[in-house]
Amino acid sequence: MSHSDPNCIFCKIVAGQIPSRKVHEDDELLVFHDIQPWAPVHLLIIPKRHIVSMAEVTEAEAGLLGRMMTLGPRLMKELGVSNGFRHVINTGHDGGQEVFHLHLHVMGGPRPWAKG
């Protein structure tokens, strides 16, 4: 990890200072279960390097973003989510971002209100 913010909760999770229910980890990315899930399976995919939001990304992050987007479907399949899921990235205060470290929500699994 080349850049981190000592006040960022996700940087603290990456550093192992705060526990998480890890699903995947590699050199660039960490994936863990959201502690306030919106769906039966709700993962957060984060870069280990501190990037504030999508508003901060450049072409240099294109490969990283592609890896984030392709990792989600693989992990959903591994976790038994077979009937659909969604990817969400909130950006900035008005975009609903609560933690200012880029993160991709991947949510799926049976919805109690859904029919069929």
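So what is the relative contact order for the chain, in percent, with contacts set as C-alpha pairs under 8 Å and at least six apart?
Details: 174 pairs, mean separation 34.2, N = 116.
Averaging sequence separation for qualifying contacts and normalising by length gives 29 percent for the chain.
Which of the listed residues, Ile13, Phe85, Ala62, is farthest toward the dipole's positive end in the chain, when Lys, Arg count +1 and Asp, Glu count -1 at the beta-carbon?
With unit charges placed on the Cβ atoms, the residue in question is Phe85.
So what's segment 7-80 giving for Cα Rg divided by 2.2 N^0.38 Å, two decimals? Walk me through the intermediate numbers first.
On the way: Rg = 12.5 Å, N = 74, 2.2 N^0.38 = 11.3 Å.
Segment 7-80 yields a ratio of 1.11.
Which residues make up the longest stretch of the chain that has no trypsin sites (Lys or Arg not before Pro) in a DSSP loop with at most 10 other Cβ atoms within 10 Å? Each step should come with its number before you reach the end.
Details: sites that count: Arg21, Lys115.
Longest run free of exposed loop sites: 22-114.
Whole angstrom only: what separates the Cα centroid of segment 56-99 from the Cα centroid of segment 1-38?
Segment 56-99 and segment 1-38 have Cα centres separated by 14 Å.
By how many nm would the segment from His24 to Asn83 grow when fully extended, if each residue of separation counts as 0.36 nm and the alpha-carbon distance is taken off?
Details: separation 59, 0.36 × 59 = 21.24 nm, distance 2.14 nm.
Length gained, His24 through Asn83: 19.1 nm.
Within the chain, which is the longest segment that contains none of the chymotrypsin sites (Phe, Trp or Tyr not before Pro) sitting in a DSSP loop with at most 12 other Cβ atoms within 10 Å?
On the way: sites that count: Trp38, Trp113.
Result, exposed sites excluded: 39-112.
Using the beta-carbon distance between Asn7 and Leu65 and R0 = 25 Å, what value does 1/(1 + (r/R0)^6) give for FRET efficiency, to the nearest 0.05? Working shown, then result.
Details: r = 24 Å, r/R0 = 0.97.
The value I calculate is 0.55.
Along segment 3-18, what does the Karplus equation 6.51 cos²θ - 1.76 cosθ + 1.60 (θ = phi - 60°) give for ³J(HN,Hα), rounded to whole Hz, x for Gly and Pro?
Coupling constants for segment 3-18: 10, 8, 10, x, 9, 8, 4, 6, 5, 5, 5, 4, 6, x, 7, 10 Hz.
From the backbone phi of segment 39-44, what are the Karplus-calculated ³J(HN,Hα) couplings (6.51 cos²θ - 1.76 cosθ + 1.60, θ = phi - 60°) in whole Hz, Gly and Pro given as x?
8, x, 10, 9, 9, 10
Among the aspartates and glutamates, select those whose C-alpha is under 13 Å from the C-alpha of Lys22, and discard any that sit fewer than 8 residues away in the same chain.
Asp34
Could you state the angle between the C-alpha long axis of helix 62-78 and the longest principal axis of the C-alpha atoms of the chain, as a value from 0 to 90 degrees rounded to the nearest 10?
In the chain, helix 62-78 runs at an angle near 30 degrees to the longest axis.
With each run of n ≥ 4 DSSP H residues scored as -39500 (n - 2.57), what mean residue ellipticity at 222 nm is computed for the chain after dividing by its residue count and rounding to the nearest 500 deg cm²/dmol? Could you put the intermediate results ahead of the total?
Details: 2 runs with 23 residues, N = 116.
Calculated mean residue ellipticity at 222 nm is -6000 deg cm²/dmol.
Every read-out reported here was derived from the displayed coordinates using simple, explicitly stated rules and does not represent laboratory data. Source: prediction; values computed, not measured. All Cβ positions, glycine included, derive from the backbone under ideal geometry; neighbour counts span all protein chains shown.
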